[in-house]
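As structure tokens, the structure follows; a few thoughts come after it.
Every number in this text was worked out from the coordinates using simple rules, so none of it is lab data. This structure is a prediction, so every number in the text was calculated from the model and none was measured. Cβ coordinates were reconstructed from backbone atoms using ideal geometry, including for glycine residues, and neighbour counts include every protein chain displayed.
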Amino acid sequence: MPVPRRYQVRIRVAATAVTSSDCYVRGLNLPARYRVAARLALGLTRPRRRILGMVLAGEVESVGADVTIFGRGDQVFGFDRHVFGTYAEYVCWPQDTVLAAMPGGLTHEEAAAIPYGGLLALHFLRRAGVRGGQRVAVYGASGAVGTSAVQLARHFGADVTGVCSGANLELVRSLGAATVIDYTADDFTQNQRPYDVIFDAVGKRKSAAALRQARRALAPGGTCISVDDGTPKLLARDLTVLKELAETKAIRPVIDRCYRLEQMAEAHATLTAGTRRAT
């Protein structure tokens, strides 16, 4: 049983999420230029932290002597890219990490589906300056980041086009996309109406071929941005923004399927195979 330090809270993990970042960390499946740095950060010959997992929803069970933000019994959800450990029954996290009160009316599973995709999508849409009246295309609109991006861009007042596989067109339409395009059948860059923002929500290694001609689909002064562009700064106050949006139904979590903890390897295999959507 982990014991919280002075500024830590011990959380009983009720639900976690399997993300693409978890899979990259597990297999060091990174571009060559990042692998040395990753080994230095994560462990040279084996993982420094044996228990993976960056996302959680659960209950604060114990607090350190100097904790002031949370108390025992608080229902919380969060995302920590450095401590890890949420593939376990309990984890100790610093009180000032990306942690917030859980949205009211949601289950732990639903709450755990929000932080990863929601925080990343919020960061990049803000960085791209998405606002009302713009035309925004989200490439990879059915993934964890993409489903959040579609909903957030719509919330900002943009006219959203979601680009995904044919199997997920109805899902993306239900999230608020005014137009949905099956990338296996049509080239979204051939659209006659240019986009103000094109957001690649899957990453350049997967999207490179499809987005090679993306700039020809941009309006003058338009922006093409990828989830791989830089390291986003994730903030607890942004998690609170997502909490409030979830409580008002402005966004909703999308869950592909649920697994028991002992099925974690199967969950990773499914994600690595690319056969699932969202989280």
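What shape does the range 58-115 take by its C-alpha gyration tensor, where a ≥ b ≥ c are the square roots of the eigenvalues and a/c under 1.5 counts as rounded, a/b above b/c as prolate, and the rest as oblate? Spell out each step's value before the answer.
Working: a/c = 1.65, a/b = 1.24, b/c = 1.34.
Taking the square roots of the gyration eigenvalues as a ≥ b ≥ c, the range 58-115 is oblate.
Which number do you get for Rg(Cα) / (2.2 N^0.38 Å) in the range 134-196? If you can, show how the numbers build up before the last one.
Details: Rg = 10.3 Å, N = 63, 2.2 N^0.38 = 10.6 Å.
Normalised Cα radius of gyration, the range 134-196: 0.97.
Take each of the peptides 45-51, 66-72, average the number of other beta-carbon atoms within 10 Å over its residues, and list them starting from the highest. Each step should come with its number before you reach the end.
Details: 45-51: 10.4, 66-72: 13.6.
Descending packing order for the listed peptides: 66-72, 45-51.
Please state the Cα pair-distance histogram of the range 106-147 with 10 angstrom bins from zero: what percent is in each bin?
Once binned at 10 Å, the Cα pair distances of the range 106-147 give 25, 50, 22, 4.
Assuming R0 = 35 Å, can you tell me the calculated FRET efficiency for the pair residue 266 and residue 81, based on Cβ-Cβ distance, to the nearest 0.05?
Details: r = 24 Å, r/R0 = 0.68.
FRET efficiency, residue 266 to residue 81: 0.90.
If you take every residue apart from residue 178 with its C-beta less than 13 Å away from the C-beta of residue 178, what net charge results, scoring Lys and Arg +1 and Asp and Glu -1?
Numbers: positive: 135, 154, 173, 193; negative: 159.
Here the count lands on +3.
Full extension from residue 186 to residue 247: what is 0.36 nm times the residue separation minus their Cα-Cα distance, to one decimal in nm?
Details: separation 61, 0.36 × 61 = 21.96 nm, distance 3.59 nm.
Length gained, residue 186 through residue 247: 18.4 nm.
How far apart, in nm, are two points set 7 Å out from the Cα along the Cα-to-Cβ line at residue 229 and at residue 23?
In this crude spin-label approximation the distance works out to 2.4 nm.
Let me check the size of the range 214-279 from its C-alpha atoms; what are the radius of gyration and Dmax in Å?
17.2, 51
Provide the FRET efficiency to the nearest 0.05 for the residue 215-residue 12 pair, computing r from the beta carbons and using R0 = 35 Å. Before the final figure, lay out each step's value.
On the way: r = 48 Å, r/R0 = 1.38.
Efficiency computed from Cβ-Cβ geometry: 0.15.
Can you spot the lysines whose alpha carbon is less than 30 Å from residue 204's alpha carbon? Ignore those fewer than 8 places along the same chain.
Leaving aside lysines fewer than 8 places away in the same chain, those within reach of residue 204 are 233, 243.
In the range 143-244, which trypsin sites (Lys or Arg not before Pro) fall in coil by DSSP and have 16 or fewer other Cβ atoms within 10 Å?
For trypsin sites (Lys or Arg not before Pro) across the range 143-244 that sit outside H, G, I, E and B with at most 16 neighbouring Cβ atoms in 10 Å, the list reads 212, 233.
From zero outward in steps of 5 Å, how is the percent of C-alpha pairs of the range 29-138 spread across the bins?
2, 10, 16, 17, 16, 15, 12, 8, 3, 1, 0
Under the rule of -39500 (n - 2.57) per DSSP H run of 4 or more residues, summed and divided by the residues of the chain, what mean residue ellipticity at 222 nm is obtained, to the nearest 500 deg cm²/dmol?
On the way: 9 runs with 81 residues, N = 279.
Rounded to the nearest 500, it is -8000 deg cm²/dmol.
Stretched out fully, how many nm does the piece from residue 65 to residue 38 gain, at 0.36 nm a residue minus the Cα gap? Don't skip to the end; give the middle numbers.
Working: separation 27, 0.36 × 27 = 9.72 nm, distance 3.32 nm.
Working it through step by step, the gained length comes to 6.4 nm.
Give me the tail of P(r) for the range 113-225 as a percent: Cα-Cα pairs with distance above 17 Å.
Numbers: 2891 of 6328 pairs.
Within the range 113-225, distances greater than 17 Å cover 46 percent of Cα pairs.
Quick one: compute a quarter of the convex hull surface over the Cα atoms of the chain and quote it in nm². Write down the numbers at each step before the final one.
Working: hull surface 59.3 nm².
Computed as one quarter of the Cα hull surface, the answer is 14.8 nm².
Quick check: pseudo-label points 7 Å beyond the Cα along Cα→Cβ at residue 131 and residue 178, how many nm apart are they?
My value for the distance between the label points is 1.7 nm.
Compute the helix-to-body angle for 115-127: its Cα long axis versus the longest principal axis of the chain, expressed 0 to 90° and rounded to tens.
50 degrees
Can you give me the angle between helix 144-155 and the longest principal axis of the chain, using Cα atoms only, in degrees from 0 to 90, rounded to the nearest 10?
70 degrees
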